[in-house]
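A.B. asks: My structure is below; once you've seen it, I'll send some questions.
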Amino acid sequence: MVYNTFYRHDDIQESYLQHLISSRHQLSQLTGFESFAHRAQRNSLLENYDTVRSFLWGVVEKCRGAFEKELAVLIDVSAQCSQQDNNNGNNEISTIAEHDLGFLMHLYRESAYDIAQVSQQSSPFFTFNSIWNGFSTLTQRLYGVRLIEEPLISGEMWNSSGVMKLQAVDEQNNELGVIYVDVSIRPEKAVGDCHYTVRCSKQLSDGTWQMPILVLSLGLVDGHSSQWRNSRVSFHSAETMFHELGHAMHSILGRTKYQHVAGTRCPQDFSEIPSNLMEYFFSDLGVMTDIIRRTDRPEEQLSIESAATLLASRHSFTAIETVQQAAYGLYDLEVHGPIAAPQIASGRMTTTELFHDIMNKTMPHIQRSPDSAFQHRFHHTVQYGAKYYSYLVARASACLIWQQRFLNDPFSRKWGDCWAEVQSHGGGHHPAVLLEKILGFRPTENDLTQALSKESQHLANLDAVTV
Ligand SMILES: [Zn+2]
């Protein structure tokens, strides 16, 4: 009841969305495109609407086996719950309701992994200081670039505590750029972890490079505490720090002539690759135990068992997550597409009907209320407009780079230097050209789908548990 009330179709949201879709559709027609979804794909890796569509359906189809395996585990958990609720009832369950998905996954994780105990054992390793230091160790080995904390000058900072200034320097101690990391939680601060560019790198008229200045805004710690640097961060937040620092490094490594294409100023599908790749490094057992060290006792290593448990729990239900993301991507594409957009604009179809139809086709075993309208709270439709799927393309590309170049030798300087060179072009080349530099080939839509499906199959081997 709570879920369906929270996500209920809302007429006001619907009229805003209808207005947005209709305006975008008119704009695309005015500029000679069949739909906004066609227009949005210019300069992207997959290049056109039809390829994006087949990529997303490909992800759904190829992950279906792993998706059903994970679902079977959740159906088992659900059956055990109803058995406990109703000892003499019929416990034949073959479907799951959308509102139970998150709850059942949580129950599974609680029983399958001893998260509470592992979190306690590993928590001294996961502090704000240990994570950025671990990231610096990684970039030093990969690119020869270190992050060093710089003292702040009075008046330099917008907030007195919970903000750190990191200077990126190369092996000759040349300054490459500055990252301000704002981690304090304050009522007036914007919610949501992100990376802002204050100043881009570019070539100056005397041939030197303008030094980039970046801000990472994360809600991690209570900034009022004098010990905020050593505040514990959750496993998930540590992973997010690697992601956001991955964006920052993309900007730091930028060496484009013009600032408009420096670093993260590139097509959306490419801009999320460096950050996603850093998550692959973070998720590698060997890398994690090697670089994440206690700041007070750096000689101590996180135990392999603890790291493995944290990672296994984090990556359980990857197939469900992937298919869900593909479904959201399909909705965002089709709502701007040639068939649905004119119907929505003229009031012949609602976005709720379209969303329900896509969810039923992509996740047929999940029961949902036709009146449930997740898309009314999905702000990505505004910012990404027919390109929300870029996240999946970026993840698939990062997965290919990880598997091909780093899986067997994560600290390879040769491939680290190559990847740094690729990132230095920012948006100066087409994403396919850049990927070819690191992979040796231009990945097709099929290569990307394969990468995601291989990953989800590998991770979908969950054991049944008693909850
Ligand atoms: Zn990102």
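A.B. asks: May I ask you to verify whether SER424 is touching a residue at least 40 places away in the same chain (Cβ under 8 Å), surrounded by fewer than 19 Cβ atoms within 10 Å (Cβ to Cβ) and hydroxyl-bearing (Ser, Thr, Tyr)? Steps first, answer last, please.
C.D. replies: Values: touching a residue at least 40 places away in the same chain (Cβ under 8 Å): yes; surrounded by fewer than 19 Cβ atoms within 10 Å (Cβ to Cβ): yes; hydroxyl-bearing (Ser, Thr, Tyr): yes.
Answer is yes for this residue.
A.B. asks: Another question, then. I'd like the full set of residues that are crowded, with 20+ Cβ neighbours inside 10 Å and more than 28 Å from GLU68 (Cα to Cα), limited to the stretch 340-380.
C.D. replies: ALA340, ALA341, ILE344, listed by residue number.
A.B. asks: Select from the stretch 27-53 the residues that are loosely packed, with under 15 Cβ neighbours inside 10 Å and touching a residue at least 40 places away in the same chain (Cβ under 8 Å) and list them in ascending order.
C.D. replies: Within the stretch 27-53, GLU34, ASN43 meet the criteria.
A.B. asks: Applying the selection to the stretch 381-398, what residues are closer than 15 Å to TYR280 by Cβ and surrounded by fewer than 21 Cβ atoms within 10 Å (Cβ to Cβ)?
C.D. replies: Across the stretch 381-398, the qualifying residue is only TYR391.
A.B. asks: A further question follows. Scan VAL191, VAL233 and give me the residue that is within 16 Å of the ligand (Cβ to nearest atom), aliphatic (A, V, I, L, M), out of contact with any Asp or Glu (no Cβ under 8 Å at 6 or more places or on another chain) and more than 26 Å from ALA420 (Cβ to Cβ).
C.D. replies: Values: VAL233 fails: within 16 Å of the ligand (Cβ to nearest atom).
None of the other options fit; the residue is VAL191.
A.B. asks: Among helices (runs of 4 or more DSSP H) lying entirely in the stretch 195-309, which contain 2 or more residues that are out of contact with any Ser or Thr (no Cβ under 8 Å at 6 or more places or on another chain), closer than 25 Å to ALA394 by Cα and touching a residue at least 60 places away in the same chain (Cβ under 8 Å)? Steps first, please.
C.D. replies: Working: elements: 235-252, 268-271, 273-282, 285-291.
Because the criterion is at least 2 residues that are out of contact with any Ser or Thr (no Cβ under 8 Å at 6 or more places or on another chain), closer than 25 Å to ALA394 by Cα and touching a residue at least 60 places away in the same chain (Cβ under 8 Å), the helices (runs of 4 or more DSSP H) in the stretch 195-309 that meet it are 235-252, 273-282, 285-291.
A.B. asks: Counting just the residues of the stretch 173-188 that are touching a residue at least 60 places away in the same chain (Cβ under 8 Å) and either more than 16 Å from the ligand (Cβ to nearest atom) or among the aromatic types (Phe, Trp, Tyr) (or both), which one comes out surrounded by the fewest Cβ atoms within 10 Å (Cβ to Cβ)?
C.D. replies: Within the stretch 173-188, the first condition is being touching a residue at least 60 places away in the same chain (Cβ under 8 Å), and the residues that meet it are 176-177, 179.
Right, trim to either more than 16 Å from the ligand (Cβ to nearest atom) or among the aromatic types (Phe, Trp, Tyr) (or both) and you get 176-177.
On the way: LEU176: 22, GLY177: 25.
Result: LEU176.
A.B. asks: Right, something else. Evaluate the following for VAL433: is it assigned to a helix (DSSP H, G or I), among the aliphatic types (A, V, I, L, M), without any contact (Cβ under 8 Å) to a residue 24 or more places away in the chain and farther than 15 Å from SER44 by Cβ?
C.D. replies: On the way: assigned to a helix (DSSP H, G or I): yes; among the aliphatic types (A, V, I, L, M): yes; without any contact (Cβ under 8 Å) to a residue 24 or more places away in the chain: yes; farther than 15 Å from SER44 by Cβ: no.
Spelling it out, it is not the case that VAL433 is assigned to a helix (DSSP H, G or I), among the aliphatic types (A, V, I, L, M), without any contact (Cβ under 8 Å) to a residue 24 or more places away in the chain and farther than 15 Å from SER44 by Cβ.
A.B. asks: Can you say whether THR240 is surrounded by fewer than 24 Cβ atoms within 10 Å (Cβ to Cβ), of a type in the set (Val, Ile, Thr), within 16 Å of the ligand (Cβ to nearest atom) and under 16 Å from the mean Cα position of the chain (by Cα), as far as the supplied structure shows? Outline the logic, then answer.
C.D. replies: On the way: surrounded by fewer than 24 Cβ atoms within 10 Å (Cβ to Cβ): yes; of a type in the set (Val, Ile, Thr): yes; within 16 Å of the ligand (Cβ to nearest atom): yes; under 16 Å from the mean Cα position of the chain (by Cα): yes.
So THR240 fits the description; yes.
A.B. asks: With the structure loaded, tell me whether THR318 is away from the ligand (no atom under 16 Å from the Cβ), closer than 14 Å to SER123 by Cα and touching a Leu at 6+ places or on another chain (Cβ under 7 Å) or whether it fails that test.
C.D. replies: On the way: away from the ligand (no atom under 16 Å from the Cβ): yes; closer than 14 Å to SER123 by Cα: no; touching a Leu at 6+ places or on another chain (Cβ under 7 Å): yes.
Here the answer is no, as THR318 does not meet what is asked.
A.B. asks: Still on this structure, please answer the following. For the stretch 253-292, which residues satisfy the criterion of being within 16 Å of the ligand (Cβ to nearest atom) and among the basic types (Lys, Arg)?
C.D. replies: Across the stretch 253-292, the qualifying residue is only ARG265.
A.B. asks: Out of the stretch 293-307, which residues are of a type outside the set (Val, Ile, Thr) and either within 16 Å of the ligand (Cβ to nearest atom) or over 21 Å from the mean Cα position of the chain (by Cα) (or both)?
C.D. replies: Within the stretch 293-307, the first condition is being of a type outside the set (Val, Ile, Thr), and the residues that meet it are 293-294, 296-303, 305-307.
The answer is ARG293, ARG294, ASP296, ARG297, PRO298, GLU299, GLU300, GLN301, LEU302, SER303, GLU305, SER306.
A.B. asks: Hey, could you check the stretch 19-42 for residues that are assigned to a helix (DSSP H, G or I) and out of contact with any helix residue (DSSP H, G or I) (no Cβ under 6 Å at 6 or more places or on another chain) and say which is farthest from GLN343 (Cα to Cα)? I'd like the intermediate steps shown before the answer.
C.D. replies: Step one: of the stretch 19-42, the residues assigned to a helix (DSSP H, G or I) are 19-30, 36-39.
Filter once more, keeping what is out of contact with any helix residue (DSSP H, G or I) (no Cβ under 6 Å at 6 or more places or on another chain): 19-20, 23, 26-27, 29-30.
Numbers: HIS19: 12, LEU20: 13, SER23: 13, GLN26: 13, LEU27: 16, GLN29: 15, LEU30: 18 Å.
So the residue we want is LEU30.
A.B. asks: Still on this structure, please answer the following. Out of curiosity, is ALA327 away from the ligand (no atom under 16 Å from the Cβ), in a helix (DSSP H, G or I) and at pLDDT 95 or above? Outline the logic, then answer.
C.D. replies: Details: away from the ligand (no atom under 16 Å from the Cβ): yes; in a helix (DSSP H, G or I): yes; at pLDDT 95 or above: yes.
For ALA327, the condition - away from the ligand (no atom under 16 Å from the Cβ), in a helix (DSSP H, G or I) and at pLDDT 95 or above - is met.
Residues are listed down the side, and each one gets a yes or a no for (1) touching a strand residue (DSSP E or B) at 6+ places or on another chain (Cβ under 6 Å); (2) more than 21 Å from THR309 (Cβ to Cβ); (3) surrounded by 15 or more Cβ atoms within 10 Å (Cβ to Cβ); (4) in contact (Cβ under 8 Å) with a residue 24 or more places away in the chain:
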| position | (1), (2), (3), (4) |
| --- | --- |
| SER94 | no, yes, no, yes |
| HIS99 | no, yes, yes, yes |
| ALA116 | no, no, no, no |
| GLY134 | no, no, yes, yes |
| SER154 | no, yes, no, no |
| MET157 | yes, yes, yes, no |
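The values are calculated or read from the model by the stated rules, or taken from the named source; none is laboratory data. Just so it is clear, the model here is predicted, and its values are computed rather than measured. As a convention, Cβ positions derive from the backbone with ideal geometry for all residues, glycine included, and neighbour counts pool all protein chains shown.
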